[in-house]
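Visitor: My structure is below; once you've seen it, I'll send some questions.
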Amino acid sequence: MLRWPGVPAQGPICVHPGSASCRMARVSEAPGQLGARIVRGSAWTAARQGVQQASALISLVLVARLVPPAEVGLFGMATLVLSITRALTETGFEQALIQRSELSDAILDVGFCAVLLRALAVAAVMALGADVFASFFAEPRVAELLRVLALGIAVEGLVNNRVAMFQRDLDFRRYFYFHATGQLAGLVVTIGSALWLHNVWAVVFGQLASAAARVVISYVLSARRPRLRFELGLARELLRYGRWVSASSVLLFALVNGDNVFIGKLIGAEALAYYGWAYQLANLPALFITQILSSVMFPALSRVRAEPQRLSELFVRSMRLTWLLALPSALLIAVLVEPFTRALLGERWLPIVPITHALCLFGLTRAVGASAGALFLAIGRPDLRAKLQLVQLAVFGLSLWPLYTRYGVLGVAWSVTAYGLTNLPAALLCFRLCGAPLSQLLWPALRMTLAAVSGALAAYAAARSFPQLPLLALTLGSLLGLGVCVGALAWLDPRGEIAQLRGLLAKLRGRPGKSSEQQNAP
């Protein structure tokens, strides 16, 4: 599918270029210091995701206007092949580097070498097997796309892996520059190529430009240059943690792309394009939230994994924030997808509307699952995430064919939503693992749910008032829905989430904002 694209707390990196000495000092951070860094990191990550989602949305709208759905579907088929080769060769080294208590330059160099070799191997497999892969979909043009995309994979292998240390050290300002540069370069090239070519190559050239820009900026942002070094003993250390990440990557491919392989093989490129666009819209908030959780909460939870109280508090906060952001977003997308499609994408894309409705619930549960996944990785239990994905794959496999034969492409969407529901019991398991009482989430979540439903109903009423003016319906529905949601939340819980957001903003500005407990104190 087309996816636009028992250890002491850890302290900051100690840089000693060229040495194999320890790069990570084990120092404890005060709760206030860590909290402020998490907030600032979340702000930079939110900005990064904002750039990414805005770029994806602009590309989606312009490409939908300029490129026929069948052409878009061809790119979706090519990216399926790209995804499976990546999944089958995933090393998990980056997650292993972030999770480790200590790092040396030698380990970082071994990680870089392994990732580069993997990229070259994936590129070779894609280029040499392009005709075979294309024959699976009975689309000869896919082979041409794969050979060019293979070049982008090889280029990506040259990225300086020191950028992973930005994430590990919660230095998300430079991590923002790394990703935003690639996103903006890809957006500019995609738009220019779409205006000129009006075919699928516009998206391919945008992907290549994004990969090249990330390589260049990775060396600009980090003074330490990786060296080609491979030591089997160090590689084994990383693989011991990364093997579960690798297994999870294969399972994740089957979950995220199994629906696309099914549609692309049995139905065709145009149906795949409709499904891909619907998936993209329904998962916009989920992708936004999951990237923040994987980028910020994973390293933050890793820092406090030996302190049960702090681990519990941090996990509960992440779950509350997830629900606060994901639920209103999912409901508003479901309500406003029809005027959005009519106003911005065009009438020929209307088949995505019912598919988006079915996938919005999946987007919500996917965001909840991201919180659980971050905790599993942080406490050194990536096997739990892999086992959860195995259960999800079973649910997906058992429900896919019956739902497809009854409802067509819409049935595939409902099958995806069915396996997404398994993220809810996984979240409950996380509360047990970190010793957090579930009551800390239930009552705030109930108030947030009432506020979100109120906003969605207001947006629905506004959108239905102007059926012949979709742009006006979209604008009024969005503004009224958000306004009612925020107002209802402030009325239902004036000292809860609103107060928490004020405290977060105070930390973001560098001032010691009050916690909700302090604000509730007499």
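The values are calculated or read from the model by the stated rules, or taken from the named source; none is laboratory data. Every value quoted in this text rests on a predicted model; they were computed, and no experiment measured them. Note: ideal-geometry Cβ built from the backbone for every residue, glycine included; neighbour counts use all protein chains shown. All accessible areas refer to the heavy atoms of the entire protein, side chains included, with ligands and DNA or RNA removed. Shrake-Rupley method; radii C 1.70, N 1.55, O 1.52, S 1.80 Å.
Visitor: Residues R385, R406, R432: which one is in contact with a helix residue (DSSP H, G or I) (Cβ under 7 Å, 6 or more places away or on another chain) and charged (D, E, K, R)? Give the steps one after another, and end with the answer.
Guide: On the way: R406 fails: in contact with a helix residue (DSSP H, G or I) (Cβ under 7 Å, 6 or more places away or on another chain); R432 fails: in contact with a helix residue (DSSP H, G or I) (Cβ under 7 Å, 6 or more places away or on another chain).
The match here is R385.
Visitor: Inspect region 78-89 for any residue being of a type outside the set (F, W, Y), open to solvent by 10 Å² or more (accessible area, probe 1.4 Å), touching a Lys or Arg at 6+ places or on another chain (Cβ under 6 Å) and modelled with pLDDT under 75 and give the result as yes or no.
Guide: Checking region 78-89: at least one residue is of a type outside the set (F, W, Y), open to solvent by 10 Å² or more (accessible area, probe 1.4 Å), touching a Lys or Arg at 6+ places or on another chain (Cβ under 6 Å) and modelled with pLDDT under 75.
Visitor: What number of residues within region 356-385 satisfy the criterion of being under 23 Å from A462 (Cα atoms) and open to solvent by 10 Å² or more (accessible area, probe 1.4 Å)?
Guide: 2
Visitor: Check whether at least one residue in region 200-210 is more than 30 Å from E270 (Cβ to Cβ) and either open to solvent by less than 30 Å² (accessible area, probe 1.4 Å) or acidic (D, E) (or both), and report yes or no.
Guide: The first filter runs over region 200-210 and keeps only residues more than 30 Å from E270 (Cβ to Cβ), leaving none.
No, every residue in region 200-210 fails to be more than 30 Å from E270 (Cβ to Cβ) and either open to solvent by less than 30 Å² (accessible area, probe 1.4 Å) or acidic (D, E) (or both).
Visitor: Go through the residues of region 399-420 one by one and say whether even a single one is surrounded by 20 or more Cβ atoms within 10 Å (Cβ to Cβ) and in a loop (DSSP other than H, G, I, E, B).
Guide: No, region 399-420 contains no residue that is surrounded by 20 or more Cβ atoms within 10 Å (Cβ to Cβ) and in a loop (DSSP other than H, G, I, E, B).
Visitor: Hey, among I107, I38, which residue is crowded, with 21+ Cβ neighbours inside 10 Å, modelled with pLDDT under 65 and either of a type in the set (V, I, T) or closer than 24 Å to R141 by Cα (or both)? I'd like the intermediate steps shown before the answer.
Guide: Details: I107 fails: modelled with pLDDT under 65.
From the options I107, I38, the qualifying one is I38.
Visitor: Now for a separate question. Of a type in the set (A, V, I, L, M, F, W, C) and modelled with pLDDT under 85: does that describe L375? Break it down stepwise before answering.
Guide: Working: of a type in the set (A, V, I, L, M, F, W, C): yes; modelled with pLDDT under 85: yes.
Criteria met by L375.
Visitor: Identify the single condition in (1) more than 29 Å from L476 (Cβ to Cβ); (2) in a helix (DSSP H, G or I) that L321 does not satisfy, given that it satisfies every other one.
Guide: Only one criterion in (1) more than 29 Å from L476 (Cβ to Cβ); (2) in a helix (DSSP H, G or I) is unmet by L321, namely (1).
Visitor: Evaluate region 115-122: report whether one residue or more is open to solvent by less than 20 Å² (accessible area, probe 1.4 Å), farther than 30 Å from S302 by Cα and of a type outside the set (K, R).
Guide: The initial filter retains those residues of region 115-122 that are open to solvent by less than 20 Å² (accessible area, probe 1.4 Å), namely 119, 122.
Next, from what is left, pick out any that are farther than 30 Å from S302 by Cα: 122.
Now restrict to residues that are of a type outside the set (K, R): 122.
Yes, some residue in region 115-122 is open to solvent by less than 20 Å² (accessible area, probe 1.4 Å), farther than 30 Å from S302 by Cα and of a type outside the set (K, R).
Visitor: Next up: Would region 458-481 turn up any residue that is more than 26 Å from L345 (Cα to Cα) and either surrounded by 14 or more Cβ atoms within 10 Å (Cβ to Cβ) or modelled with pLDDT of 70 or more (or both)? Steps first, answer last, please.
Guide: First pass over region 458-481, keeping only residues more than 26 Å from L345 (Cα to Cα): none.
No; the residues of region 458-481 include none that is more than 26 Å from L345 (Cα to Cα) and either surrounded by 14 or more Cβ atoms within 10 Å (Cβ to Cβ) or modelled with pLDDT of 70 or more (or both).
Visitor: Then there is this: Could you list, in sequence order, all residues of region 430-449 that are exposed (fewer than 14 other Cβ atoms within 10 Å of the Cβ) and assigned to a helix (DSSP H, G or I)?
Guide: Residues satisfying the conditions are R432, S439, L442, W443, L446.
Visitor: Quick one: which of A154, A134, A127 is out of contact with any Asp or Glu (no Cβ under 8 Å at 6 or more places or on another chain), in a helix (DSSP H, G or I) and within 30 Å of F176 (Cα to Cα)?
Guide: Values: A134 fails: within 30 Å of F176 (Cα to Cα); A127 fails: within 30 Å of F176 (Cα to Cα).
A154 is the lone residue from the list that is out of contact with any Asp or Glu (no Cβ under 8 Å at 6 or more places or on another chain), in a helix (DSSP H, G or I) and within 30 Å of F176 (Cα to Cα).
Visitor: Oh, and also: For region 285-300, does any single residue satisfy the condition of being at pLDDT 75 or above, part of a helix (DSSP H, G or I) and not polar (S, T, N, Q)?
Guide: no
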